[in-house]
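The values are calculated or read from the model by the stated rules, or taken from the named source; none is laboratory data. Please read these numbers as outputs of a predicted model, since none were measured by experiment. Backbone-built Cβ (ideal geometry, glycine too); neighbour counts: all protein chains shown. These area figures cover heavy atoms from the full protein model, side chains too; ligands, DNA and RNA do not enter into them. Shrake-Rupley method; radii C 1.70, N 1.55, O 1.52, S 1.80 Å.
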Amino acid sequence: MKPPATLYYDIISPFSHILLQTRGPLERKLHLQPVPVFLPGLLRAQKNIGPAEIPSKRAFSYASMVWKTQKLGVPFKFPPAHPFSPLAPMRLLAQIDADLHTLDKAFSFVFADGRDPNDEWADFCAAIGLPRTTPKPSDDAAKAKLTNFTDDAVQRGVFGVPTIEFRDRLFFGADSIDMLLDFVDRPEMFDEPAFQAALATKNPLVPK
């Protein structure tokens with residue numbers, strides 16, 4: 001049996017799309033359990049801001065996504081406006097306990113076909129296998145479910161998406177796949193002297 005790992009995601013994240021499209025090596029070694037989080041809430045809780053709020057960082061990040069997907073051969077196209085509000089689609093994905101197969105369809109709708117799930121709600125629902133008449137979740141239970149997932153992720157130290165948690169270690173970003181795979185094969189990796197020395201480095205920005 002493959003050991004479990006948690007994949008935190010938000011449909012606003014094109015890097016989550018890249019990770020999903022390149023997750024094959026991970027799935028051969030790990031059982032990935034997707035957990036939806038609301039990235040804006042996650043960033044607020046961590047007193048952080050997204051790359052889209054810094055113009056130069058947005059420009060570099062978006063160009064890097066195009067470059068990365070071209071190199072990987074991953075279909076990629078931005079929706080008409082980005083960032084868009086991920087609240088309704090994320091509540092829906094939380095409500096239905098979306099599995100990886102459903103996430104493939106959801107993220108492809110947004111970042112392969114380049115469509116906005118809010119503006120094309122009926123088509124988005126159909127793309128992930130739901131009736132076109134599916135309403136945007138607005139009941140308290142749907143709201144609470146996504147909020148609880150996000151709050152739990154904050155408590156576990158998650159600071160962005162995609163993040164994979166494995167054996168209480170966080171691996172952030174689509175570029176962390178190789179590092180995670182190495183950790184799977186070398187479970188004592190972080191106990192090695194070089195890692196211990198780096199992690200023990202004093203941080204003068206954090207008060208004692």
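Quick notes on this structure:
- Inter-residue pairs, beta-carbon under 8 Å, first under 13 Å from S85 (Cα atoms) and in contact (Cβ under 8 Å) with a residue 60 or more places away in the chain and in the range 102-120, second assigned to a loop (DSSP other than H, G, I, E, B) and among the polar types (S, T, N, Q), 6+ apart: none
- E27 of a type in the set (D, E) and closer than 27 Å to T102 by Cα: yes
- Neighbours by Cβ (under 7 Å, 6+ apart or cross-chain): first from the range 146-158, more than 15 Å from A5 (Cβ to Cβ) and touching a residue at least 60 places away in the same chain (Cβ under 8 Å); second open to solvent by 30 Å² or more (accessible area, probe 1.4 Å) and hydrophobic (A, V, I, L, M, F, W, C): L146/F38; T150/F38; V154/A45
- Listed by first and then second residue, the pairs linking a residue in the range 48-71 that is under 24 Å from R23 (Cα atoms) and in a helix (DSSP H, G or I) to a residue that is open to solvent by less than 40 Å² (accessible area, probe 1.4 Å) and hydrophobic (A, V, I, L, M, F, W, C), with Cβ atoms under 7 Å apart and 6 or more places separating them unless they lie on different chains, are K68/I18; T69/I18.
- The range 123-135, residues that are in contact (Cβ under 8 Å) with a residue 12 or more places away in the chain and either out of contact with any Phe, Trp or Tyr (no Cβ under 9 Å at 6 or more places or on another chain) or not in a loop (DSSP other than H, G, I, E, B) (or both): D123, F124, C125, A127, G129
- Test: Y9 is aromatic (F, W, Y) and crowded, with 16+ Cβ neighbours inside 10 Å: yes
- All conditions in (1) closer than 26 Å to R44 by Cβ; (2) assigned to a helix (DSSP H, G or I) hold for I177, with the sole exception of (1).
- So L146, is it buried (at least 16 other Cβ atoms within 10 Å of the Cβ), of a type in the set (A, V, I, L, M) and closer than 11 Å to L92 by Cα: yes
- Residues satisfying the stated conditions in the range 170-195, i.e. open to solvent by less than 80 Å² (accessible area, probe 1.4 Å) and either touching a residue at least 24 places away in the same chain (Cβ under 8 Å) or charged (D, E, K, R) (or both): G173, A174, I177, L180, L181, D182, V184, E192
- Residues located in the range 24-47, provided they are assigned to a loop (DSSP other than H, G, I, E, B), farther than 13 Å from F159 by Cα and not charged (D, E, K, R): L30
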